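Notes follow once the structure below has been shown.
The values are calculated or read from the model by the stated rules, or taken from the named source; none is laboratory data. Just so we're clear, the structure is a prediction, and the values are computed from it rather than from any experiment. With ideal geometry, Cβ positions are generated from the backbone for all residues, glycine too; neighbour counts draw on all protein chains shown.
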Amino acid sequence: MPTLHWVGKDKVVNHHHDVPFRLLNKEYTFTANQGTPANSTANRIIHGDNLEALKSLLPEFEGKVNCIYIDPPYNTGNEGWVYNDAVNDPKIKKWLGQVVGKEGEDLSRHDKWLCMMYPRLKMLHRLLAKNGVLFLHLNDDELHYAKVLLDEIFGRDSYINEICVKMKLTAGASGGGEDKRLKKNIENILIYTRDRTGKGGFERFNDVYDEEDLFEIIDEMESEGKSWKYTSVLLDKGDFVEERVVLDGAGEEIKIKKYKSIKRTTVNALVRKGIDREVAYIENFNWIFSDTNAQTSIRTRIMDEFVTLADDELLVAEYVPRSGRDKGTTVQHYYISPTIRRVIWLKDTAVKRGQRIVKLEKTGTYWDGFPLNNLTKEGGIQFPSGKKPILLIEKILRLATSKNSIILDSFAGSGTTAHAVLKLNAEDGGNRRFILCEMMDYAEDTTSERVRRAISGYSEGAKIVTGTGGGFDYYTVGAALFKDDKNLNEDVGEKAIREYVAYTESIPAASKCGADSPVSRYALGTSATVLWLFYYERERVTTLNLDFLASLNIKALLNNGGKRPEHFVIYADKCALDADFLIKHGITFKRIPRDITRF
Ligand SMILES: C[S@@+](CC[C@H](N)C(=O)[O-])C[C@H]1O[C@@H](n2cnc3c(N)ncnc32)[C@H](O)[C@@H]1O
């Protein structure tokens, strides 16, 4: 398989092993105020370099992350990013702390980027679940190198797709990499999985539909003399239950019809049933209104009349404005349901042109219509550049996550990924969790602040955005578990040390023991065949000897329906038992790496 070479590659291929394992310090927990909707709370924002943060996540999250979205520096030469990894090589040390320069001025700028990305992608690969998916967002500055790099780290077979995103520029706006050549108006997202071959590996994305303006398509086809047919999956309006008339705040009449047993169907099926007028499309959403001014009063009135609505129930509100701008002109239909996201009506003579009619197509690899400019304030927080549209990330989450997924963004910036996770949870009742890493000091007052606002509610211009609910824990990257002399940093505490040893021994969560284990206060874990013991006392030297073995309450295992372990893995400072004894009794002794000369 072709591979890529660059200056410094040989120094970074194993760098992820050299990165110190650091503890994560929880600084505070933020939770939504009472009254906000329920949403996920076991979320994390980590302030620190993602290389160290990702390593710290391994014990808890290795192989468990379902979706990774990353948007690293594109290496355009204008971002002012700095290569800072402590790689121990004189040539690379010269790069440290220097801003990566522009094309033509900095001959090693691509080498630096690849050196920065390699160990991080290695770590992300380990964190990804077998069927999990990584989305790497770039533009053409580094895209093609990144593809080869990912082929090397993830495997060519693990490549899924590349998405081209048309980043829409607003009229008169600069940006999008305009220069003397062609205007750059697409960005790229490479998609890889951990494993798409074996059992439990990646199989398929969720169905996600793009919308197109049906009137435009129909006009186009009619102008070409073609007949047209509608084939998307649609929703039957269900069985009619009752009709009521309510008044909105301005005294306007709204006729409301209630239907039950709504279900998916196809246009063909509808046509066969003789229904070729109003049809609706499913996905989870609460309210559909085409007139934002009318929303609040109509919604309030309807909610008063129909306090609860079951998942398979639908209200169709017909509203004929008798005053104001739309007086007597349009009949507006509002579709209200706990489960319907969008409404399509087809061949409905009551619907005037200009109202939105959409056609649904399964999404492909070309995504259109995401704004690139005017994003600085999106999400209610100022972030000067590089912010991604929340709808873009939401679409990725719709494709690649389920309601309980864990989502990781290790180049968090303004926190769009967290916002999208919370927003989608609020829309579909999911419990997706996010982990963000951001190294800059704005991790607290920008990244976290945005997430706090998303949770509690905020205003965007004149618009008030309701809070999603939920919460997160804020962490900093703390002390290293090992000192430079490779001995344990005992200041981190026994609990953290035990957890790390349990991780390096690959003891499954269900097999771990606490210090209250009846077998021994030093028991670390027990499986059907192995007992792990961590015989550690901060203030004294421990010795594996017959007395220690005699202190173990093996009967406690037997009483719990377990068997006598065939194998013992015992950590201590010293071992007083000879090799033959250890072999005979299936004992593996491991020395605790610490300086015991002080005792
Ligand atoms: C392009 S921005 C991401 C923007 C984000 N997608 C959003 O929508 O706001 C890249 C972010 O990655 C951060 N970053 C770069 N290198 C990092 C590292 N080694 N560890 C953690 N964060 C890093 C930068 O500080 C910057 O905030």
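Mind listing whichever residues of the range 460-480 are crowded, with 19+ Cβ neighbours inside 10 Å and of a type in the set (A, V, I, L, M)?
Selection gives 477 alone.
Listed here are the residues, each with its yes/no results for (1) closer than 30 Å to residue 204 by Cα; (2) in contact with a His (Cβ under 8 Å, 6 or more places away or on another chain); (3) away from the ligand (no atom under 13 Å from the Cβ); (4) in a helix (DSSP H, G or I).
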| residue | (1), (2), (3), (4) |
| --- | --- |
| 11 | no, no, yes, yes |
| 17 | no, no, yes, yes |
| 39 | yes, no, yes, no |
| 42 | yes, no, yes, no |
| 55 | yes, yes, no, yes |
| 60 | yes, no, yes, yes |
| 67 | yes, no, yes, no |
| 84 | no, no, no, no |
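Is it true that residue 392 is in a helix (DSSP H, G or I) and either modelled with pLDDT of 95 or more or within 16 Å of the ligand (Cβ to nearest atom) (or both)?
yes
Take residues that are away from the ligand (no atom under 16 Å from the Cβ) and tell me which of the strands (runs of 3 or more DSSP E) falling wholly in the range 424-488 contain 2 or more.
Result: 457-460, 463-466, 471-480.
For the range 407-423, enumerate the residues that are crowded, with 24+ Cβ neighbours inside 10 Å and away from the ligand (no atom under 13 Å from the Cβ).
Scanning the range 407-423 gives a single hit, 422.
When the residues of the range 377-397 are filtered to those that are of a type in the set (D, E, K, R), touching a Ser or Thr at 6+ places or on another chain (Cβ under 9 Å) and in contact (Cβ under 8 Å) with a residue 60 or more places away in the chain, which remaining residue is farthest from residue 210 (Cα to Cα)?
Ranking the qualifying residues of the range 377-397, first place goes to 378.
Based on what the data block shows, is residue 496 assigned to a helix (DSSP H, G or I) and over 34 Å from the mean Cα position of the chain (by Cα)?
No: the conditions fail for residue 496.
Condition check: surrounded by 11 or more Cβ atoms within 10 Å (Cβ to Cβ) and touching a Cys at 6+ places or on another chain (Cβ under 8 Å). Does residue 544 satisfy that?
Yes; evaluated as a whole, the condition is true for this residue.
Residues that are surrounded by 14 or more Cβ atoms within 10 Å (Cβ to Cβ), touching a residue at least 24 places away in the same chain (Cβ under 8 Å) and within 16 Å of the ligand (Cβ to nearest atom): does the range 24-36 have at least one?
Yes; the residues of the range 24-36 include at least one that is surrounded by 14 or more Cβ atoms within 10 Å (Cβ to Cβ), touching a residue at least 24 places away in the same chain (Cβ under 8 Å) and within 16 Å of the ligand (Cβ to nearest atom).
Can you run down the residue pairs with Cβ atoms below 7 Å, 6 or more apart or on separate chains, where the first is in the range 65-87 and under 30 Å from residue 42 (Cβ atoms) and the partner is part of a loop (DSSP other than H, G, I, E, B) and near the ligand (Cβ under 9 Å from one of its atoms)?
70/410; 70/411; 71/388; 71/411; 71/413; 72/411; 73/79; 73/81
Report every pair of residues separated by at least 6 positions or lying on different chains whose Cβ atoms are under 9 Å apart, first residue within the range 569-596 and polar (S, T, N, Q), second part of a helix (DSSP H, G or I).
Pairs found: 588/582.
Is one or more of the residues making up the range 380-388 among the charged types (D, E, K, R), within 12 Å of the ligand (Cβ to nearest atom) and closer than 28 Å to residue 164 by Cβ?
Yes - at least one qualifying residue is present in the range 380-388.
Of all residues in the range 1-60, how many are closer than 30 Å to residue 428 by Cβ, among the charged types (D, E, K, R) and in contact with an Asp or Glu (Cβ under 7 Å, 6 or more places away or on another chain)?
Number satisfying all stated conditions: 2.
Residues are listed down the side, and each one gets a yes or a no for (1) surrounded by 18 or more Cβ atoms within 10 Å (Cβ to Cβ); (2) within 16 Å of the ligand (Cβ to nearest atom); (3) at pLDDT 95 or above:
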| residue | (1), (2), (3) |
| --- | --- |
| 91 | no, no, no |
| 94 | no, no, no |
| 99 | no, yes, no |
| 109 | yes, yes, no |
| 117 | yes, yes, yes |
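Wholly within the range 516-599, which helices (runs of 4 or more DSSP H) include no fewer than the required count, namely at least 1 residues that are out of contact with any Pro (no Cβ under 9 Å at 6 or more places or on another chain), under 30 Å from residue 489 (Cβ atoms) and modelled with pLDDT of 90 or more?
Where helices (runs of 4 or more DSSP H) fall fully within the range 516-599 and carry at least 1 residues being out of contact with any Pro (no Cβ under 9 Å at 6 or more places or on another chain), under 30 Å from residue 489 (Cβ atoms) and modelled with pLDDT of 90 or more, they are 546-551, 579-584.
Name, by its number, the condition in (1) free of Cβ contacts under 8 Å to residues at least 12 places away in the same chain; (2) assigned to a loop (DSSP other than H, G, I, E, B); (3) small (Gly, Ala, Ser) that does not hold for residue 510.
Result: residue 510 fails condition (2) only.
Considering (1) farther than 30 Å from residue 454 by Cβ; (2) in contact with a helix residue (DSSP H, G or I) (Cβ under 9 Å, 6 or more places away or on another chain), say which one residue 39 fails and leave the rest.
The failed condition is (1).
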